[in-house]
């Protein structure tokens, strides 16, 4: 799989992307809405799981490239945790800080949604984040995703800053008949 947009290329990540992926995952600012920045070992383990998902499911996190430069990731992933909306496929994204506020996440996410609803024929795609992560939920809204309320993320205990999440949902565009 390779998706080309006007400015970007999306494809499954390769071994040569590990260092850039690890640098993004170690950036405290890029990871501020996650539990914590990742160590190199944690990042490498996620990288390996990502590649295993591609092999097993035919989709996953894709690297986002501007020319030959790896600038972030966007992708689709099955929701395996016992979430109130599962079973589901979620879309997610994360860009390296030098590439923020340039529209790359939106461009890549639009392409990934089109791939999910087109060739993958998914019936819906969800996204979720905490309320404090305004850049992410604003992007969900720009993408035309519909807010579906809030839920408590089961990975976090009561009172944890990451417990309460917003849920957004997208369905395939209706074809003109």
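Do we find a residue being surrounded by 13 or more Cβ atoms within 10 Å (Cβ to Cβ), assigned to a loop (DSSP other than H, G, I, E, B) and over 14 Å from the mean Cα position of the chain (by Cα) anywhere in segment 23-31?
yes
What are the residues in segment 136-148 that are in contact (Cβ under 8 Å) with a residue 24 or more places away in the chain and at negative phi, if any?
136, 137, 139, 140, 141, 142, 143, 145, 146, 148
Of all the residues that make up segment 136-177, how many are surrounded by fewer than 18 Cβ atoms within 10 Å (Cβ to Cβ), farther than 17 Å from residue 89 by Cβ and touching a helix residue (DSSP H, G or I) at 6+ places or on another chain (Cβ under 8 Å)?
2
If we scan segment 124-133, do we find a residue that is within 28 Å of residue 4 (Cβ to Cβ), free of Cβ contacts under 8 Å to residues at least 60 places away in the same chain, exposed (fewer than 12 other Cβ atoms within 10 Å of the Cβ) and in contact with a strand residue (DSSP E or B) (Cβ under 9 Å, 6 or more places away or on another chain)?
no
Kindly indicate whether any position in segment 37-46 is within 25 Å of residue 134 (Cα to Cα), surrounded by 11 or more Cβ atoms within 10 Å (Cβ to Cβ), over 16 Å from the mean Cα position of the chain (by Cα) and in contact (Cβ under 8 Å) with a residue 12 or more places away in the chain.
Yes, segment 37-46 contains a residue that is within 25 Å of residue 134 (Cα to Cα), surrounded by 11 or more Cβ atoms within 10 Å (Cβ to Cβ), over 16 Å from the mean Cα position of the chain (by Cα) and in contact (Cβ under 8 Å) with a residue 12 or more places away in the chain.
Each reported figure results from applying straightforward, stated rules to the coordinates on display, with no laboratory input. Here the structure is a predicted model, which means the values were calculated and not measured. With ideal geometry, Cβ positions are generated from the backbone for all residues, glycine too; neighbour counts draw on all protein chains shown.
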